[in-house]
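K.L.:
Right, I'll just put the structure down here and ask away after.
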Amino acid sequence: MDDDIEIPGLHDACLELAHVVLAAGQPEVSRDILETLAARFEREAADFALLVGNAGRDTALLARAVHYLVDAHALPLMGTDMEWFRQALACLVELAVPGIALSSKGAAFLHDVETGIAQALQDLN
């Protein structure tokens, strides 16, 4: 993790994620275990900070992406597996900070994402 890049809210988001994947459905998980897993999530997410910052974007989007994963993809008892997190976060970062030129067929999916985002935002009201 690059200590020079500020990522507001990332630690708290990763702690919440760790709680969901470890503690849900279990009576007690030690604070040390939660903090250790949260730190692992935080290091993984921080790997994207330079890319996000170099694109001129707010690195806090990484914390928001982790909160999205908490709401939409984190399941109790996922445990300490990091691969799902790494892959899901990479996909979210690519959607938020495009770095790859898409074909017209690949880009067509962005319209579906746009529709889904509009629906999700409407559901908030």
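K.L.:
Within the stretch 27-45, can one find any residue that is at pLDDT below 95, under 10 Å from the mean Cα position of the chain (by Cα) and open to solvent by 80 Å² or more (accessible area, probe 1.4 Å)?
P.N.:
The answer is no; no qualifying residue exists.
K.L.:
Taking residue 104, is it among the hydroxyl-bearing types (Ser, Thr, Tyr), open to solvent by less than 90 Å² (accessible area, probe 1.4 Å) and without any contact (Cβ under 8 Å) to a residue 24 or more places away in the chain?
P.N.:
Answer is no for this residue.
K.L.:
Residue 59 is checked against (1) modelled with pLDDT of 95 or more; (2) open to solvent by 70 Å² or more (accessible area, probe 1.4 Å); (3) among the β-branched types (Val, Ile, Thr) and fails just one. What number does that condition carry?
P.N.:
It is condition (2) that residue 59 fails.
K.L.:
Let me ask you something else. Restricting to the stretch 89-125, and then to whatever is of a type in the set (S, T, N, Q) and either in a loop (DSSP other than H, G, I, E, B) or touching a Ser or Thr at 6+ places or on another chain (Cβ under 7 Å) (or both), can you tell me which residue is nearest to residue 64 (Cα to Cα)?
P.N.:
Among them, the one singled out is 125.
K.L.:
Scan the stretch 20-63 residue by residue and report those that are closer than 17 Å to residue 97 by Cβ, part of a helix (DSSP H, G or I) and in contact with a helix residue (DSSP H, G or I) (Cβ under 8 Å, 6 or more places away or on another chain).
P.N.:
Result: 44, 45, 46, 49, 51, 52, 61, 62, 63.
K.L.:
While we're looking at this one, here's another question. What about residue 85, is it open to solvent by less than 50 Å² (accessible area, probe 1.4 Å) and part of a helix (DSSP H, G or I)?
P.N.:
Yes, satisfied.
K.L.:
Any residue in the stretch 11-26 that is closer than 20 Å to residue 113 by Cα, without any contact (Cβ under 8 Å) to a residue 40 or more places away in the chain and open to solvent by less than 90 Å² (accessible area, probe 1.4 Å)?
P.N.:
No: zero hits.
The values are calculated or read from the model by the stated rules, or taken from the named source; none is laboratory data. Keep in mind that this is a model prediction, so the values were computed, not measured. A quick note on method: Cβ atoms are made from the backbone with ideal geometry, for glycine too, and the neighbour counts reach across all protein chains shown. We work out accessible area using only protein heavy atoms, side chains counted, and drop any ligands, DNA or RNA first. Shrake-Rupley method; radii C 1.70, N 1.55, O 1.52, S 1.80 Å.
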